[in-house]
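Q: Quick one: the structure is below, and I'll ask about it shortly.
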Amino acid sequence: MTDLAVLVVSCDKYSDVWEPYFRLFHKRWPDCPYPVYLGSNFVDFRFEGVTCIPVGEDRSWTENLHLMLDAVDRSRIILLLEDFFLTKETNTDLVVKMVELAEKLDLGCFRLFPLPPPSKRIPDIPGVGEIRKGDDFRVSTQAGIWSTELLRSLAWPGMTAWQFEEIASLVSDMMPERYLGLYEPAMEYCNGLVQGKWMPEGLQVCREAGIEPDLSVRDCFSAKELANTQPNGVKPFIRSLLPEEIDQKLVRWARLIKGRQYLDQMLAEAGLHWPANP
């Protein structure tokens, strides 16, 4: 039997979201073959088939994650976030096959939701590709099967989830573990919340499943607010004139610089520095 569990990383400020989240989870993945854990701070959430892990006062995202991994104590986990609202039935057979593949190949990570997708197809494994060193968002918080040991080593204390993706992507390029992923999702979901507010799509997914979220706790994005979040101005116009390949390279270049700045800052705070070039 596989030594794997599903871990939903969250904190108490999203406790109002857990009920609709897990009702959808149960509806769209009723035959999940793995134990399911929810990470919280102090709230001990009760739901059939879910074990809550209160880790105490809120720290950084990565420090909370370490405490949750300690409590789960599995060699591999399927990492999920509390705003991944399942929109379709999960392909359990495919998930199980990919878990077996991750174990067989001793992978560092296997991405179940292709955002972004792999960059190189593997001819003898249909639907699966390699997420190569240097790929944009090589480390991602999208749904994936993780080696717990690798996840621990990448989740440096003090980072937000976004810093984790940027910095760990850089660090992963210097490590030997392989990263594979699917080109089509094994589990489909939408981001039910953005910046702590309900997205209209998230509410729609819940309501179509007969679930009415509690809107007294947090707001929902209005059409005007969503329109204001759309890029506008000179920079987006210039980007629209560029070939897609060049635009993607520029975006990755900017992210690499930002990630390197984060990494340099953290190394300096720890009294460390990059090794000198030979």
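Taken together, the values in this text are just the output of simple stated rules run on the coordinates, not laboratory data. Worth saying up front: this structure is predicted, and the values here are computed from it rather than measured. We place every Cβ from the backbone using ideal geometry, glycine too, and count neighbours over all the protein chains shown.
Q: Work out the FRET efficiency for TRP162 and LYS27 from their Cβ-Cβ distance, taking R0 = 35 Å, and round it to the nearest 0.05.
A: 0.75
Q: If the limit is 23 Å between Cα atoms, which of LYS88/LYS120; LYS88/LYS133; LYS97/LYS120; LYS133/LYS258 go over it?
A: Working: LYS88/LYS120 27 Å; LYS88/LYS133 31 Å; LYS97/LYS120 20 Å; LYS133/LYS258 18 Å.
LYS88/LYS120; LYS88/LYS133, as the Cα separations exceed 23 Å there.
Q: Tell me which trypsin sites (Lys or Arg not before Pro) from the range 28-67 have a DSSP coil assignment and no more than 14 other beta carbons within 10 Å of their own.
A: Here the trypsin sites (Lys or Arg not before Pro) that fit, given the DSSP loop and packing criteria, are ARG46.
Q: Going Cα to Cα from LYS27, which aspartates and glutamates come in below 15 Å? Please leave out same-chain ones fewer than 8 positions away.
A: Filter leaves GLU19, GLU48, GLU89, GLU188, GLU208, GLU212.
Q: Divide by every residue of the chain the summed helix terms, -39500 (n - 2.57) for each DSSP H run of at least 4, and state the resulting mean residue ellipticity at 222 nm, rounded to the nearest 500 deg cm²/dmol.
A: Rounded to the nearest 500, the figure is -12000 deg cm²/dmol.
Q: Then there is this: Note down the nm distance, to one decimal, between modelled labels 7 Å out along Cα→Cβ at TRP253 and at GLU48.
A: Label-label distance for TRP253 and GLU48, simple model: 5.6 nm.
Q: Which order do the peptides 126-133, 161-168, 142-149 take when ranked by the mean count of other beta-carbon atoms within 10 Å per residue, highest first?
A: Ranking the peptides 126-133, 161-168, 142-149 by packing returns 142-149, 161-168, 126-133.
Q: Does a label point 7 Å from the Cα of THR2, set along Cα-to-beta-carbon, have any residues of the range 28-65 with amide nitrogen under 17 Å, and which are they?
A: So the set is 29-37.
Q: Another one. Multiply the residue gap between GLU212 and TYR183 by 0.36 nm, knock off their C-alpha separation, and tell me the result in nm, one decimal place.
A: 7.2 nm
Q: Please identify the helices of the chain, taking whole runs of DSSP H, that span at least 30 Å along their own axis as judged from the Cα atoms and have a mean Kyte-Doolittle score of 0.0 or higher.
A: The qualifying helices: there are none.
Q: Related question: Going by Cα centres, the range 146-186 and the range 1-62 are how many Å apart?
A: Between the Cα centre of the range 146-186 and that of the range 1-62, the gap is 21 Å.
Q: Classify the chain from the C-alpha gyration tensor, please: rounded if a/c falls under 1.5, else prolate or oblate depending on whether a/b exceeds b/c.
A: Rounded.
Q: To the nearest 0.05, how large is the calculated FRET efficiency for LEU105 and LYS197 if R₀ is 45 Å and r is the Cβ-Cβ distance?
A: Numbers: r = 40 Å, r/R0 = 0.88.
Efficiency, rounded to the nearest 0.05: 0.70.
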